[in-house]
Each structure stands twice: as C-alpha cells, then as structure tokens.
Amino acid sequence: MDDDVTKPPMEDASAIEYLCRHATEIRAQLAEAGNEGSVDEALRAVRDSRSATAALRKLHEAIQIGGDAVGLYGHLRGERHPGSQPFGLGEPRQAEAVFVCPGNRCSRQWWTDGTSAMTPPECMIFGGKLRWGGI
C-alpha cells in the first residue's frame, strides 16, 4: 500500500478499525434489515483511499436503524488501545512488536506479547495480514 495516503481524522481511523474488526457481525446485523450495502459502501471508500467520513456516518446511521442504539461511533468511546500508556511507564517487559493497518487508513494495532507466534491477524478491508509497524 502507498505510504503517501493521507491518514483520515482520528475518529474516522478508529471507526475504520472497528469496522475492520467487526465487519462480519455488522453485515449480519444489517442484512436482517436489508441494509448491508452501507457496509460495502464504507469499505469501498476506505479501499479507494478517499475520504470515508460520509460513508462511515451513513453506516453509523444504518447500524442505529438496525437496532444498535450506539451505532458505529458509540462503540469507540472509552476504548483503550494497547500501547497507549506513555513509553517508559510501568513495569519493564520484553520488547513487543506492533503491526498496523496495511492500508495506512485506520488506527488498528496488534501487539505481540514477546512469547506468542508473530502471526498478525488479517485485515478485513485490504486483505492480507497487518503490516509490521515497529517495536
């Protein structure tokens, strides 16, 4: 993927991450209401490296109409991502590698724990494994 792609606003990046992790469940929920097309529209906007804000907002509304009162954005509130603690605080531990979105479009991160196999999860949006982002 092109590293020159403009990163979306943080709220959109978090929404894209949530969509990547939960697309299957969201699609199933919206299929019951006959509105799974908004998932595809949001995925296309992200894959095409264009602003996904309008498509994500439409998806948010579709999720709410489908019965999830908090929609897409409500699931983002208060989430704590691994590694969000400032460096150097806490107990020393073995180095961890972080893997990130292969499309450089969302805030998804997957951290190794230094003991497990370093096989990152699949990216639902771009396909393939998350890419190495550093230590």
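The numbers here are math on the coordinates, done by the rules we state, and not lab data. Keep in mind that this is a model prediction, so the values were computed, not measured. Positions of Cβ are generated from backbone atoms using ideal geometry, with glycine treated the same way; all protein chains shown enter the neighbour counts.
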Please tell me the relative contact order of region 10-75 in percent, rounded to the nearest whole number, where contacts are Cα pairs under 8 Å and at least six residues apart. 34
FRET E, pair V70, T119, Förster distance 41 Å, beta-carbon r, rounded to 0.05: 0.80
Relative to the present Cα-Cα distance, how much length would full extension add between E61 and D48 at 0.36 nm per residue of separation? 2.5 nm
